[in-house]
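Scroll down for the structure; my scribbles are underneath it.
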Amino acid sequence: MNEFHQQILKGIPNQLPNLKTYDSEINHAPKRKAILSEDEKKLALKNALRYFDSKFHATLLPEFKEELETYGRIYMYRFKPEYKMYARPIEAYPGKSLQAKAIMHMIQNNLDNAVAQHPHELITYGGNGAVFQNWAQYLLTMQYLAEMTDEQTLTMYSGHPMGLFPSHKNAPRVVVTNGMMVPNYSKPDDWEKFNALGVTQYGQMTAGSFMYIGPQGIVHGTTITVLNAGRKIAKQGEGLAGKLFVTSGLGGMSGAQPKAGNIAGCITVCAEVNLKAVQTRHSQGWVDEVIDDLDVLVQRVRKAKANKEVISIAYHGNVVAVWEKFDEQNVYIDLGSDQTSLHNPWAGGYYPVGLSFEEAVELMVKDPATFKEKVQESLRRQADAINKHTAKGTYFFDYGNAFLLEASRAGADVMATNGIDFKYKSYVQDIMGPMCFDYGFGPFRWVCVSGKSEDLEKTDAIACAVLEEMMQHSPVEIQQQMADNVKWIKGAQENKLVVGSQARILYADAEGRIKIAKAFNHAIAAGEIGPVVLGRDHHDVSGTDSPFRETSNIYDGSKFTADMAIQNVIGDSFRGATWVSIHNGGGVGWGEVVNGGFGMVIDGSEEAEQRLQAMLFWDVNNGIARRSWARNKEAIFAIKRAMEVEPNLKVTLPNIVDESLLD
């Protein structure tokens, strides 16, 4: 047994490892809000110490107390493993279950230094999207996965592995919940309090589901969004050459924007205040150039416009200054958005203009009330500058990051004349909802857990062949979506999208997902590739109920309900998912969304083929059925088509009311 296997199987060690030196080269989470009373601090310490033998409590107590005071959380840095954190080939993991080994691969990818936003705090992206609350949870979970059989299920409560329970081989191997609060306790400060106590966490979307694949996870959707935003503003069917896209954020998810801009063929300026994030994305090739002077930026953009360059530029500074400078200098912005983590505005998701990154971090900790005032002032300034640009013709869309929501709460001029709606539509309302989600297209993804790049290349070719064959028979309503997907997969290798695991994302409907997955399963059975994990982003057709993003184009009054997401996870779990997850929060904020996800291991077996057929069909059509009941015409078309294909599907369809009767 090698050393890595020994460490995994050991779980929480029976001897205390050495204290770790705080690595200042790593991007760390900001200090969290001090919100616990003295009695609650004692409770947080007791909760942390229960992971360890009582003989260690006297040693660990002052250490954990210092972490709580210094960082606002108990991360248990001492117990961070010595081995390198990355997604190893599946055969490198100890275990009795192939499915469990695949999950270990996915967990380690989420915590890879090259992938995770704050890896030492176990945070993958979004500022607070956590895989675990502390390192003890990680160690226990990996040990359980290495020990479990296909007759057991691991139950996880917000990062805490509750334990292995007897089940059966067709049950999920892992069931994950994150942040599932009693509804009255889902305000932002509730997360701060209960997370500090060590009893809940914010799983974001794919962080706490072990399904994050780096910024590639959103690149395809961002590319589709930018392409179709370009089509909306095109005067004579022209492309995006020479047109300018301005946005912000180079963190875990938003790092996708400059890459998507390059693929779509425009000029992208993406502002980011955190130099480490800028350097990471530049070193990974996700952004072409870095500029930290506004005058130089103006000159560079004008040159790019004149030459119709395809270029992505990271501006190291605040995006508010960019919007204001471009207005002052009459630099025309064709497309505009924002991708800062405004679901988390008071704890590092958004930094106010006029302060350096370091000054803002210090103010956030020492004077949170003033920091909040500065953030809201900055949001008002940003909205004012955006309004000036849209008056000149800029097409601005909310990118589902709660920008308009938080700007409205700050008193910014972002409301429509009716005082209810926002003056700018979200990208789901304008683009992704009617063009993709209502037709069943969403971010299907797969990971080659062999770790071999050649396996990923083979799966790309398989997926492309399936799509090209499907295009010959697809109805005209979805031909554009199919064409965009073929273009995407053909350029996947040259665009160098992989960071971490050998993963790919591709927007596909139920038919596409099932056919691609079956083709993979046959290739695995033939020994052409190793096992594959199937999954998707929660940002999808069925997985998420989010009134300001995924379900913002639901207009029957039900967008504030969460039945779809809950039904999705229940249905996936008994139709063959390897693991399922359901989260409170993700993307737009704690208490603002409920989202569910899954992972499925396919191994070339007949059983895997049966599972993928049953589960993938449900996973998509559950959402199309809900969208059709909301009277979305594209979804009505899609669900009728699905019923023609599958005789066992019978969905309740809406009767359309003549609007004149209501006048």
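The values are calculated or read from the model by the stated rules, or taken from the named source; none is laboratory data. Note that this is a predicted model, so its numbers are computed, not measured. Quick reminder, even Gly has a Cβ in these numbers, built from the backbone with ideal geometry, and neighbours come from all protein chains shown. In case anyone asks, the SASA skips ligands and DNA or RNA and just uses the protein heavy atoms, side chains included. Shrake-Rupley method; radii C 1.70, N 1.55, O 1.52, S 1.80 Å.
Odds and ends about this structure:
- Probe 1.4 Å, accessible area per residue of segment 45-137, Å²: 33
- For segment 445-482, trypsin sites (Lys or Arg not before Pro) are listed when DSSP marks them as loop and at most 16 other Cβ atoms sit within 10 Å of their Cβ; the list is Lys452.
- Three-way shape label, segment 130-191, alpha-carbon gyration tensor, a/c 1.5: oblate
- Solvent-accessible surface ranking, highest first, for Met564, Met435 at 1.4 angstrom: Met435, Met564
- Correct choice for Cα Rg over 2.2 N^0.38 Å that was computed from the model, options (1) 1.08; (2) 1.03; (3) 0.92: (3)
- Ligands, DNA and RNA are left out, and with a 1.4 angstrom probe the accessible area of segment 279-420 is 42 Å² per residue.
- Under 5 Å from the amide H of Ser312 lie the amide H atoms of Thr268, Asp288, Glu289, each residue being 5 or more positions distant or on a separate chain, with H modelled from the backbone and absent for Pro and chain starts.
- Point-to-point label distance, Ala519-Lys372, nm (Cα→Cβ direction, 7 Å offset): 5.3
- Cross-link check: pairs Lys10/Lys276; Lys41/Lys374; Lys10/Lys96 evaluated at a Cα-Cα cut-off of 27 Å; pairs beyond the cut-off: Lys10/Lys276; Lys41/Lys374.
- Sequence of Asp572, Asp421 when ordered by accessible area, the most exposed leading, probe 1.4 angstrom: Asp421, Asp572
- Theoretical gain in end-to-end length, Lys650 to Asp384 [0.36 nm per residue, Cα-Cα removed]: 90.8 nm
- Residue-level accessible surface for Met415, protein heavy atoms, 1.4 Å, Å²: 60
- The accessible surface of the chain, taken with every protein chain in place and a 1.4 Å probe, is 51 percent carbon and sulfur.
- Ligands, DNA and RNA aside, Ile582 has an accessible area near 20 Å² when probed at 1.4 Å.
- Shape annotation for segment 560-663: C-alpha extents along the principal axes are 57, 39, 17 Å, from largest to smallest.
- The chain: calculated mean residue ellipticity at 222 nm from DSSP helix runs of at least 4, using -39500 (n - 2.57): -13000 deg cm²/dmol
- Most positive-pole-ward Cα, Ala562, Gly433, Gln480, against dipole of the chain from beta carbon charges: Ala562
- Taking a straight line from the alpha carbon of Lys243, these lysines sit under 17 Å away, with near neighbours fewer than eight places off in the same chain left out: Lys232, Lys235, Lys259, Lys303, Lys305, Lys308, Lys392.
- Selected from Ile656, Tyr86, Val320, residue furthest toward positive end of dipole (the chain; charges at beta carbon): Tyr86
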